[in-house]
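Let me begin by presenting the structure, written as structure tokens, before commenting on it.
The values are calculated or read from the model by the stated rules, or taken from the named source; none is laboratory data. Values in this document were obtained by computation on a predicted structure and should not be read as measured data. Note: ideal-geometry Cβ built from the backbone for every residue, glycine included; neighbour counts use all protein chains shown. Heavy atoms of the whole protein, side chains included, go into the accessibility calculation; ligands, DNA and RNA do not. Shrake-Rupley method; radii C 1.70, N 1.55, O 1.52, S 1.80 Å.
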Amino acid sequence: GTPQKYDPTFRGPIYDRGCTDVVCCVLLVIAIVGYVVVGVVAWTHGDPRKVIYPTDSRGQFCGQQGTPNEGGSRLHVSASPIQICVSKCPERYLAYLSASRMPGEMEYYRHFCVPEFKNLQKAPIEVLKDRECPAMVIPSTPLARRCFPAIRAKAGVVMVGNETSYDDGHGHRRSVTELLEGAKKANVVLETRQLAMKIFEDYTVSWYWIIIGLVIAMVASFIFIVLLRFLAGIMVWVMIVMVILVLGYGIFHCYVEYAKLKGEAGSDVSLKDLGFQTDLRVYLHLRQTWLAFMIILCIVEVVIVLLLIFLRKRILIAIALIKEASRAVGHIMTSLLFPLCTFFLLCLCIAYWASTAVFLSTSNEAVYKVFNESACPFSRQTCNPETFNTSNVTKLCPDAQCLFAFYGGETAYHKYLIVLQFFNVFMFFWLANFVIALGQVTLAGAFASYYWAFKKPDDMPAFPLFSSFGRALRYHTGSLAFGSLILAIVQVIRVTLEYLDHRLKAADNKFAKFLLSCLKCCFWCLEKFIKFLNRNAYIMIAVYGTNFCTSARNAFFLLMRNIIRVAVLDKVTDFLFFLGKLLIVGSVGILAFFFFTQRIKLVQDTAPPLNYYWVPILTVIVGSYLIAHGFFSVYGMCVDTLFLCFCEDLERNDGSPERPYYMSPELSEILLKGNLEPSK
């Protein structure tokens, strides 16, 4: 943790370096090979059709060509364990007892029986006992190749189909509310389906406008970054003023809407009384909504103004650092495109993890068990439906049947499926963190080569970004694997804690919930600290080529020796970058809001008709933030690298002709005066 001494041979990122953390590199390679093996085994045993196509009571797929059941949907009867593949869902109430007494009705009912059911003269009690037909069918609607009860409410009256009662087959009429308990989850699914269908319709009519909004956000972000290159100081102050004005306009608009709703019928209903509504436009007719928006914007505005007042001198220092970062990015323009490479590799990690998870979850085999009505020694034992009729079981237990029970397996592979799923999640975190680390160390090496060039940009290498990327992969794969491994372990622990918290929600053990909350908070803080430490350790790796532990230790103590500068510069620049993202996202979001709500008269007829206008608006806002974050992440890494190099420069040199600073004159003029001047 001792300060660096003057070294006349030091000229920035060391080229003569060796491999670091080789053991972790070997572990990563072994883990990747194991991950590929797990994926191959999962793809061999898995069957994604189990996710797409439902199965009947025998475990056979519905709607799959070439299978015994080519019907499109599965009819699940909640009153009995029978599940049947049908060509279409039932459209009316009908009990088997009623249908068996009328030949015409029986022809209709046969569509909802097993394909082997041919004997129409068979006693109804025998048919139901052999589970060849359901006891009753009710009006249903298809969803994801499954038939769900068509439950809806009209004027406060619960209806299934268009009926409020049904015939139970014994000549009695029963209320459909008796079906609700067994179909509550189905009703939730249907409501979700309706919401999903409306959202999908909104996307189909607005997708090109969403793309236009994202292109506008990309162009605005690029223009903002280019302007920062030449007008960093002016742009930062313009950005601050624009954010304040946008927030001020938002407050004014909320007040106008709040005052406009005064006296209107229903506008004084509270948000609590209204409850959750899928159509968010309902909330805009409430005064309480606009009052809440106005209070939130006022708080944000006051906080930003107070921060600007108390940090006005520090903002000047941060602007100087941003100017230097702008010059560095200007000399390495390819750095703005590098996040696309990181994004592509992250997409590969996500795709491999998701596909492996699907194949692992569908690797189970159909398990058949013996079901019987009378006493039988083979009850609930596994069986083979192909040889069941010729086995001894049917002789000893005449009423026994070999039916599909569940998906599972008895092999070692099936027993350890949960372990393989855990390994899949762990490897996803490890590889995703490794990809992010590779991007950070590549950018750090490129920007460090700019800082440590005495004559900028003449002393810089020809292709700093590509040379930094090559050094990172050739020498420091192990160090990047080490840092990402530590972070992955913490993230997996956090995921496990979230899973336990989800399972304990229904429990009444308050001490366990309190302990779990404390653990979640502690590991959240630990993850944030490790991310901060890793980021700075990767900068030291890019500059000095040391192993991960040495780099992390040197970075930590270097930051501790400059803790005031860290608190002042790092957080202020983060705050300014946040304002930049807020300006871009807010501007594009406001433009999308006025366009999709048809409040721009020039293009009022161009806006598409929507069920929920918040769907494209939220999509544009989230996409704009991701785009802006991608551009500003390069600047953030550049500022962090230059700041760490600046601290190293202060410890190595003193500004004399024999030991001159490597920082630019503009940067030294701001950073080396007043309270921030280093002690001689």
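Taking a probe of 1.4 angstrom, what is the accessible area of CYS85 in Å², to the nearest 10?
Roll a 1.4 Å probe over it and CYS85 shows about 20 Å².
Normalized C-alpha radius of gyration of segment 365-408, against 2.2 N^0.38 Å?
1.05
State whether segment 605-652 is rounded, prolate or oblate according to the following rule on the C-alpha gyration tensor (a ≥ b ≥ c being the square roots of its eigenvalues): a/c under 1.5 gives rounded; otherwise a/b larger than b/c gives prolate, and the remaining case gives oblate.
prolate
Give the residue list of GluC sites (Glu not before Pro) in segment 622-674 that are DSSP loop and have at most 12 other beta-carbon atoms within 10 angstrom.
Answer in residue order: GLU658.
Pop a pseudo-label 7 angstrom from the Cα along the beta-carbon direction at both LEU231 and ILE296 and give the gap in nm to one decimal.
Taking the two extended label points, one gets 3.2 nm.
Quick one: 3J(HN,Hα) in Hz for segment 543-549, Karplus 6.51/-1.76/1.60 with θ = phi - 60°, rounded, Gly and Pro as x.
Result, rounded to whole Hz: 7, 9, x, 7, 6, 5, 4.
Compare PHE482, PHE595 by solvent-accessible area with a 1.4 Å probe and give them largest first, with all protein chains kept in place. Walk me through the numbers before you get to the answer.
Values: PHE482 50, PHE595 25 Å².
Greatest to least solvent exposure: PHE482, PHE595.
Please arrange ARG380, ARG471 by accessible surface area, largest first, computed with a 1.4 Å probe and ligands excluded.
Final ranking, largest accessible area leading: ARG380, ARG471.
TRP209: accessible area at probe 1.4 Å, nearest 10 Å²?
Its accessible surface works out to 60 Å², give or take rounding.
When the accessible area of segment 406-557 is split by element with a 1.4 Å probe, what percent falls to carbon and sulfur?
71
Under a plain spin-label model, where a point goes 7 Å from the Cα along Cα-to-Cβ, how far apart in nm are LEU526 and ALA462?
So the two model labels end up 4.8 nm from each other.
P(r) for segment 337-390: what percent of alpha-carbon pairs falls in each 10 Å bin, starting at zero?
19, 24, 16, 15, 12, 10, 4, 0
Treating the beta-carbon of each Lys and Arg as +1 and of each Asp and Glu as -1, no other charges, what is the dipole magnitude of segment 481-532 about its Cα centre, to the nearest 20 debye?
Charge dipole, segment 481-532, about its Cα centre: 80 debye, nearest 20.
Can you grab the distance from the C-alpha centre of segment 546-587 to the C-alpha centre of segment 595-647, Å, no decimals?
Each part's Cα centre sits 23 Å from the other's.
Normalised by the number of residues in segment 365-408, what is the relative contact order in percent for Cα pairs under 8 Å and 6+ residues apart?
With pairs under 8 Å counted, the relative contact order is 55 percent.
Loop-only check: which chymotrypsin sites (Phe, Trp or Tyr not before Pro) in segment 414-449 are DSSP coil with at most 15 other Cβ within 10 angstrom?
Answer in residue order: TYR416.
Measuring from the lowest to the highest alpha carbon on each principal axis, how far does segment 275-431 reach, largest first, in angstroms?
The principal-axis extents, from largest down, are 93, 51, 24 Å.
From the cross-link list LYS505/LYS531; LYS369/LYS395; LYS323/LYS528; LYS260/LYS601; LYS88/LYS198, which pairs have alpha carbons spaced over 18 Å apart?
LYS505/LYS531; LYS323/LYS528; LYS260/LYS601; LYS88/LYS198
Taking segment 446-543 as the region of interest, what is the percent of Cα-Cα pairs per 10 angstrom bin, listed from the shortest bin to the one with the maximum distance?
Values per bin, smallest distances first: 14, 30, 22, 16, 11, 6, 2.
What do you get for trypsin sites (Lys or Arg not before Pro) in segment 81-134 restricted to DSSP loop and a cutoff of at most 11 other Cβ within 10 Å of the site's Cβ?
Here the trypsin sites (Lys or Arg not before Pro) that fit, given the DSSP loop and packing criteria, are ARG101, LYS118.
Quickly work out the ARG561-to-ILE600 label distance, labels modelled 7 Å from Cα along the C-beta direction, and quote it in nm with one decimal.
In this crude spin-label approximation the distance works out to 5.4 nm.
Can you classify segment 529-621 as rounded, prolate or oblate using the Cα gyration tensor, where a ≥ b ≥ c are the square roots of its eigenvalues, rounded means a/c under 1.5, and otherwise it's prolate if a/b beats b/c and oblate if not?
On the way: a/c = 5.06, a/b = 3.19, b/c = 1.59.
Prolate is the answer for segment 529-621, as a/c is 1.5 or above and a/b outweighs b/c.
If DNA, RNA and ligands are ignored and the probe is 1.4 Å, what is the ranking of PHE577, PHE148 by accessible area, most exposed first?
Numbers: PHE577 15, PHE148 45 Å².
Greatest to least solvent exposure: PHE148, PHE577.
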